[in-house]
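The values are calculated or read from the model by the stated rules, or taken from the named source; none is laboratory data. Fair warning: this is a prediction, and the values are worked out from it, not measured in the lab. Methodologically, a virtual Cβ is constructed for each residue, glycine included, from the backbone with ideal geometry; neighbour enumeration extends over all protein chains shown. With ligands, DNA and RNA removed, areas are computed over all heavy atoms of the protein, side chains included. Shrake-Rupley method; radii C 1.70, N 1.55, O 1.52, S 1.80 Å.
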Amino acid sequence: MENQRELTVLLIEDDKFACEEIRNYIDQLDDMRLLGITDDSNKALDMVKYCVPDAIILDLELHEGGGNGLFFLSKLHDLALEKLPYILITTQNTSNVTLEAARQLGADFIITKYERDYSAQKPVELLRMMRNAIQKHSSPDTTVPTLTPAEQNRKLTIRIHRELDAVGISPKAIGYEYLT
């Protein structure tokens, strides 16, 4: 069997009880690792940028936090990540229009919290069930189409800037372009 690594997950949820339940459940597992928890869509974008999780459990309505899941999904594509994480939405929202908008913005699967058998473990179990497919999808593709030298340079520059930003080097710092 192929060498399997842990599935890395970011939780974006404002219900503190649900966060604690999911954290405790994932802590018991040896095939998943929780990278972080936030109740703010802007902070979540920063976390995705720096941590690059395999999957995200996203609550659409962040009443107690900041922003919302739709805002997060719309801004996620602006990060220009090499790979997009698998997006599993959990929501109380029953609006078909809202759920369709979430799908159009990149949601991979939606679990409604009002389902009879919903529990905080349900989204985690779904991710575990799909782990191999998620990791295969999120692994860098070795058959990447040939890029022009200019495109390769641009992608590399974006990646280097992201790494420099992650270690706290400001674009305004003397020598930033030299480091790049």
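Centroid-to-centroid, using Cα positions, region 59-108 and region 1-48 are 16 Å apart. Where both bridge residues fall in the chain, DSSP classifies roughly 5% of the beta bridges as antiparallel.
About its Cα centre, the dipole of the chain is roughly 540 debye, where the only charges are +1 on Lys and Arg Cβ and -1 on Asp and Glu Cβ.
Accessible area ranking (1.4 Å probe, heavy atoms, ligands and nucleic acids excluded), largest first, for Glu177, Glu20: Glu177, Glu20. Given a 1.4 Å probe and every protein chain left where it sits, what share in percent of the accessible area of the chain is carbon and sulfur? Within the chain, the accessible surface is 52 percent carbon and sulfur. Which of the pairs Lys16/Lys172; Lys122/Lys155; Lys16/Lys75 have their Cα atoms more than 32 Å apart in this structure? Check vs 32 Å cut-off fails for Lys16/Lys172; Lys122/Lys155. Along Cα→Cβ, 7 Å out, is where each label goes; now give me the distance between the ones at Leu29 and Arg154 in nm to one decimal. Each label point is offset 7 Å from its Cα along the Cβ direction, giving 3.7 nm. Annotation note: chymotrypsin sites (Phe, Trp or Tyr not before Pro) in region 10-115 located in DSSP loop regions with a Cβ neighbour count of at most 14 within 10 Å are Tyr114. Our summary gives the chain a relative contact order of 19 percent, counting only alpha carbon pairs under 8 angstrom and 6 or more residues apart.
Within the chain, what's the longest stretch lacking trypsin sites (Lys or Arg not before Pro) that sit in DSSP loops with no more than 10 other Cβ atoms inside 10 Å?
1-115
Pull out a ≥ b ≥ c, the square roots of the eigenvalues of the alpha-carbon gyration tensor of region 7-142, then state rounded if a/c is under 1.5, prolate if not and a/b is larger than b/c, and oblate in the remaining case. Rounded, because the longest to shortest axis ratio a/c is under 1.5.
Listed by chain and number, the aspartates and glutamates whose C-alpha is less than 18 Å from the C-alpha of Lys43, apart from same-chain residues fewer than 8 away, are Glu13, Asp14, Asp15, Asp54, Asp59, Glu61, Glu64, Asp78, Glu163, Asp165.
Accessible area of Asp15 (1.4 Å probe, protein heavy atoms only, ligands and nucleic acids ignored): about 70 Å². Ordering Met130, Leu73, Thr94 by the projection of their Cα atoms onto the charge dipole of region 7-142, which places +1 on the Cβ of Lys and Arg and -1 on the Cβ of Asp and Glu, puts Met130 at the extreme positive end. With the helix formula -39500 (n - 2.57) applied to DSSP H stretches of n ≥ 4, the chain reaches a computed 222 nm mean residue ellipticity of -13000 deg cm²/dmol.
Accessible area of Ile22 (1.4 Å probe, protein heavy atoms only, ligands and nucleic acids ignored): about 10 Å².
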